[in-house]
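Participant: Quick one: this structure, given as structure tokens, is what I'll be asking you about.
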Amino acid sequence: MKHVTVKGLKLEYRDYPATAEGRPTLLLLHEGLGSVVMWRHFPEKLAAATGCRLIVWSRAGYGGSEPYPEPRTPRYMHREGEEMLPALLAALNIERPILIGHSDGGSIALIFAGAFPEVPLGVAVMAPHEFVEAETLAGIRVARQVWDDTDWPHKLARYHRDAPRVFSDWNDCWLSPPFRDWNIEEYLPKIRCPVLAIQGEDDEYATMRQIEVIAEQVPGTELLKLPKCGHSPQRDQEALVLDALAAFVSRASGSCR
């Protein structure tokens, strides 16, 4: 594990080197309870499938990364997409990446691509959120019950230095009244790069509208709707997702292996 300081916070990351010439750098953005380690072996498999350099990091407060000193607000994903991600790219000297985000990470990638349309070569999102649905809130309420009634706190503590805060920051924020109006659709028409949007047909946190609105507002968006797949396509349908991402990376970068 490596570390980089971004806006005064020490963040953990892993850097998988490129195995082919002329390939772009991929940035992998984790979900709302994720971290570097929680991607398991997916990053190394994706790096091998694409030949690209791949960076995966834990956002502030996740994994072993230092937390923000102040409480989370409903604009926490805006902060990541508009402030922290540009600063991370500058710290690592990365100019034109392809962003690949899961859940919250997908939303952050879309915010970044809309705020800085000249930067990304492409954006691939898995189970992203652009607005709050009743299905999302129902799933998050179930997660709260599971957290209270099972050993999930103990399990999550294996991956985060402060698992209770990671969970409460995510769960409390999404269920707070101010978050009901959260919406990032305004960023979508500003996106200029190719977009791939992936979602499972059995996603317990969202309906297909979450990726359909991307296609409606970003011309040329490719949709991949996966059967027998929940909120984590990279786990539930790993082979299909790896193939789709490898093909997308080649198209977005204008090169073929």
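Participant: Limited to the stretch 177-209, what total is found for residues that are aromatic (Phe, Trp, Tyr), outside any helix (DSSP H, G or I) and open to solvent by less than 20 Å² (accessible area, probe 1.4 Å)? Before the answer, list the steps.
Facilitator: Just the residues of the stretch 177-209 that are aromatic (Phe, Trp, Tyr), to begin with: 179, 182, 187, 205.
Checking which are outside any helix (DSSP H, G or I) leaves us with 182, 205.
Cutting the leftovers down to open to solvent by less than 20 Å² (accessible area, probe 1.4 Å) gives us 182.
So the answer is 1.
Participant: Scan the stretch 83-126 for residues that are open to solvent by 50 Å² or more (accessible area, probe 1.4 Å) and either within 22 Å of ALA252 (Cβ to Cβ) or among the polar types (S, T, N, Q) (or both) and jot them down. Can you show your working first?
Facilitator: Of all residues in the stretch 83-126, those open to solvent by 50 Å² or more (accessible area, probe 1.4 Å) come to 83, 90, 93, 95-96, 116, 118.
Hits for the stretch 83-126 are ALA90, ASN93, GLU95, ARG96, PHE116, GLU118.
Participant: Let me ask something additional. Looking at (1) within 30 Å of SER250 (Cβ to Cβ); (2) touching a Lys or Arg at 6+ places or on another chain (Cβ under 7 Å); (3) not in a loop (DSSP other than H, G, I, E, B), which one does ASP169 not meet, given that it meets all the others?
Facilitator: (1)
Participant: A follow-up question, please. What number of residues within the stretch 114-156 satisfy the criterion of being more than 17 Å from HIS231 (Cα to Cα) and part of a loop (DSSP other than H, G, I, E, B)?
Facilitator: Kept after step one, since they are more than 17 Å from HIS231 (Cα to Cα), are these residues of the stretch 114-156: 114-123, 145, 147-156.
From what is left, the residues that are part of a loop (DSSP other than H, G, I, E, B) are 116-121, 150-151.
Count: 8.
Participant: For the stretch 226-257, what are the residues that are of a type in the set (Val, Ile, Thr) and surrounded by fewer than 20 Cβ atoms within 10 Å (Cβ to Cβ)?
Facilitator: none
Participant: Here is a follow-up. Give me the residue from the stretch 59-70 that is touching a residue at least 60 places away in the same chain (Cβ under 8 Å) and out of contact with any Ser or Thr (no Cβ under 8 Å at 6 or more places or on another chain) and, out of that set, surrounded by the fewest Cβ atoms within 10 Å (Cβ to Cβ).
Facilitator: The extreme case among them is PRO67.
Participant: Quick test for you: out of LEU11, LEU26, LEU88, pick the one residue that is in a helix (DSSP H, G or I) and modelled with pLDDT of 95 or more. Give the derivation first.
Facilitator: On the way: LEU11 fails: in a helix (DSSP H, G or I); LEU26 fails: in a helix (DSSP H, G or I).
So the residue among LEU11, LEU26, LEU88 that is in a helix (DSSP H, G or I) and modelled with pLDDT of 95 or more is LEU88.
Participant: Has the stretch 135-144 got any residue that is under 17 Å from the mean Cα position of the chain (by Cα) and either surrounded by 14 or more Cβ atoms within 10 Å (Cβ to Cβ) or more than 22 Å from ARG235 (Cβ to Cβ) (or both)?
Facilitator: Within the stretch 135-144 (the criterion being under 17 Å from the mean Cα position of the chain (by Cα) and either surrounded by 14 or more Cβ atoms within 10 Å (Cβ to Cβ) or more than 22 Å from ARG235 (Cβ to Cβ) (or both)), the answer is yes, since at least one residue qualifies.
Participant: Taking only the stretch 72-85 into account, find how many residues are in a helix (DSSP H, G or I) and either of a type in the set (D, E, K, R) or at pLDDT below 95 (or both). Please lay out each step first, then the result.
Facilitator: The initial filter retains those residues of the stretch 72-85 that are in a helix (DSSP H, G or I), namely 76-85.
After this cut, where a residue has to be either of a type in the set (D, E, K, R) or at pLDDT below 95 (or both) as well, the list is 79-80, 82-83.
Number of matching residues: 4.
Participant: I need a count of the residues in the stretch 239-256 that are touching a helix residue (DSSP H, G or I) at 6+ places or on another chain (Cβ under 7 Å) and modelled with pLDDT of 95 or more.
Facilitator: Number of matching residues: 5.
The values are calculated or read from the model by the stated rules, or taken from the named source; none is laboratory data. Only a predicted model underlies this, so the values are computations on that prediction, with no experimental measurement involved. Please note: Cβ atoms are built from the backbone with ideal geometry, for glycine as well, and neighbour counts cover all protein chains shown. The protein model used for the area step is the full one, side chains on, heavy atoms only, and it has no ligands, DNA or RNA in it. Shrake-Rupley method; radii C 1.70, N 1.55, O 1.52, S 1.80 Å.
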